[in-house]
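Heads up: the structure comes next, in structure tokens.
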Amino acid sequence: MGLYEEIDKETMELLLGSLTERMLAGKQEWGRLEYKPVSFVREKEDVKEDAFISHMFEMEMDFHGRHYILEIMEQINLPSCKGDISGMLEFDGDRWGKYDFALSFDERYDKCKAERLKEVFGDSPIVKLMDAIVSVFEGTEAESRGFSYAQYFNQMGIEPEWKCMSLVKLGEKLMDKKRMNDFHRIVLDTDYRRELLRDV
């Protein structure tokens, strides 16, 4: 990573940290909250090993004189079962316009097994921001509206080789039971994931 990339990364991590602190302190006013609930996703239908289970959060805010749009997604990739958190922060008045971030952008990510992600990235500003966002959404109309609009775990159906996977079954169960926070926990917490898998 070059010097300018390091400075940019550090600046954006400070911004993500500030947003997290304001959320936890209840000081941030949100203009719009949207939740897209737990879903099984195939980005490329012709690539059999390319799938993931995810949910997504969108919000708008005014902060330090700028209007921000934040989109953030948690996903568990299949068949590796590795969790990831990725997002986009878009803001007005800046010549670059937006900032993309993800745990998987970190060079340590590829070297980590799913079981070590929580340990390695537990102090990441991205993980702390995600925890705060889930606490903001929990029990809101945005959460209930998201689940009420989504009638199916996957709109196009799931191929038999995926449907028999215990993790896919768990994702469908969490969608049906409207358990947003539990899906959030199992993205990086593989111990809790194993606990929930016992009941699938």
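Of all the listed residues (Tyr152, Tyr99), the sole one being touching a Leu at 6+ places or on another chain (Cβ under 6 Å) and modelled with pLDDT under 95 is Tyr99. Considering Ser104, Ser166, Ser124, Ser135, the condition of being out of contact with any helix residue (DSSP H, G or I) (no Cβ under 8 Å at 6 or more places or on another chain) and hydroxyl-bearing (Ser, Thr, Tyr) is satisfied by Ser104 alone. Taken together, the residues in the range 81-94 that are more than 30 Å from Val168 (Cβ to Cβ) and surrounded by 13 or more Cβ atoms within 10 Å (Cβ to Cβ) amount to 3.
Table: residues versus (1) modelled with pLDDT under 95; (2) part of a helix (DSSP H, G or I); (3) surrounded by 14 or more Cβ atoms within 10 Å (Cβ to Cβ).
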| position | (1), (2), (3) |
| --- | --- |
| Tyr109 | no, no, yes |
| Lys118 | no, yes, yes |
| Arg145 | yes, yes, yes |
| Ser148 | yes, yes, no |
| Gly157 | yes, no, no |
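Looking only at the range 19-54, residues that are part of a helix (DSSP H, G or I), crowded, with 16+ Cβ neighbours inside 10 Å and at pLDDT below 85 come to 2 in all.
When the criteria are applied in full, Asp123 fails the requirement of being in a strand (DSSP E or B), exposed (fewer than 15 other Cβ atoms within 10 Å of the Cβ) and under 18 Å from the mean Cα position of the chain (by Cα).
Among the residues of the range 165-182, is any buried (at least 19 other Cβ atoms within 10 Å of the Cβ) and hydroxyl-bearing (Ser, Thr, Tyr)? No; the residues of the range 165-182 include none that is buried (at least 19 other Cβ atoms within 10 Å of the Cβ) and hydroxyl-bearing (Ser, Thr, Tyr). Residue count for the range 66-80, restricted to those that are under 18 Å from Ile186 (Cα atoms) and buried (at least 18 other Cβ atoms within 10 Å of the Cβ): 6. Residue-level check: of (1) crowded, with 17+ Cβ neighbours inside 10 Å; (2) modelled with pLDDT of 85 or more; (3) within 29 Å of Lys177 (Cβ to Cβ), Leu16 misses just (3).
The values are calculated or read from the model by the stated rules, or taken from the named source; none is laboratory data. Keep in mind that this is a model prediction, so the values were computed, not measured. Note that each Cβ is placed from the backbone with ideal geometry, even for glycine, and that neighbours are counted across all protein chains shown.
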